[in-house]
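Below: the structure, in structure tokens.
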Amino acid sequence: MANNIALAKNFTAMLDEVYKWASVTNDLTSPSALIREGNTAKTIVYPQLDMNGLGDYDRNTGYVQNSITVDWKEAEFNYDRGSKIAVDVMDDEETKMIAFGRAAGELMRTKVAPEADAFTFATIAGTTGISKAAAATLTKDTVLDALYESVVTMDEDEVPAEGRLLFITPTLRKSVVRLNTDVSREILDYFSGIIEVPQSRFYTAIDLLSGKDTEVAGGYQKNAEGKDINFMVIEPSAIIKWDKHVARDIIPAANNPDADADILKYRKYGIVDVFKNKVAGIYLHHKA
């Protein structure tokens, strides 16, 4: 049994590594110190700080008294997804012990990471109050102006310049790089990081498929009202992105009462949300 535990730990580490490599939203994960349990198991609370501005200083009475308020806002977990795969021990043996590992790795790379990214972007894009550009299809001739407008908008909204991340489709990113001008390089330098996001996980709205009945294929798809996102600029402190529970249970065939097969159970339970007083930290540009 000890050997199974050791193997499970090593296998879990491998799956974590595959996920981190395949995901494009790891940099948005919130520090766990910001999260507190809510009134129910389905909710969390997070701090929102507010205070008064300056007042007139009086030489007789001194300073005006400020008032600092820390409100704990409650939010409900909005992502609870999972899957189970089983590989017959003979199939695994006859493929030199790679079938199970490859199947699990492919689940993380081609299903778990893309869906988690797509859910993150769609949830953020659907938040009321974020900054949005006029919808348009961008080309190499218009993308620089659109990126510059995002910088100006966030500067005017006093969003911290340090830490802004640009999420952009590979097509648009490479069209900017190919310009290879002082202006194009300067505009890209405005961002602390640039992450390419495949269009297939970059929509303003998605549908999560149940994995049952007519949606047996599972996964996600672009919502009928969803738009293709060109790029998003995100200041990570504006985001709540946290996984309360990630289960990667490995059940060896010897403990499987139903079949002579190794089983991987995967479940991800968490939240993606935007701080209501930091919506200016999000800038969205999508196609018409």
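Where a number appears in this text, it was derived from the coordinates with a stated rule and is not lab data. Note that the structure is a prediction, hence the values are computed from the model and not measured. Virtual Cβ from ideal backbone geometry, glycine too; neighbours counted across all protein chains shown.
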0 to 90° range, to nearest 10: angle between helix 143-156 axis and the chain longest Cα axis: 60 degrees
Hz values of 3J(HN,Hα) by residue in the range 261-272 - Karplus curve (6.51, -1.76, 1.60), Gly and Pro given as x: 8, 7, 10, 10, 10, 10, 9, 10, 10, x, 8, 10
In order through the range 14-29: 3J(HN,Hα) via Karplus (6.51 cos²θ - 1.76 cosθ + 1.60), integer Hz, x for Gly, Pro: 5, 5, 4, 5, 4, 4, 5, 5, 8, 7, 10, 10, 4, 5, 9, 5
Only Lys, Arg (+1) and Asp, Glu (-1) charged, at Cβ; the chain dipole about Cα centre in debye: 220 debye
Helix 170-179 axis, angle to the chain major axis (alpha carbon atoms, nearest 10°): 50 degrees
T29 long-range amide H proximity, modeled H, under 5 Å: none
Those lysines that a straight Cα-Cα span of less than 23 Å connects to K265, excepting residues fewer than 8 apart in one chain: K9, K20, K42, K84, K96, K111, K212, K241, K244
Amide H contacts under 5 Å for K73, placed H, 5+ residues apart: Y46, Q48
GNM top mover of M51, M154, M108 - the chain, alpha-carbon springs below 10 Å: M51
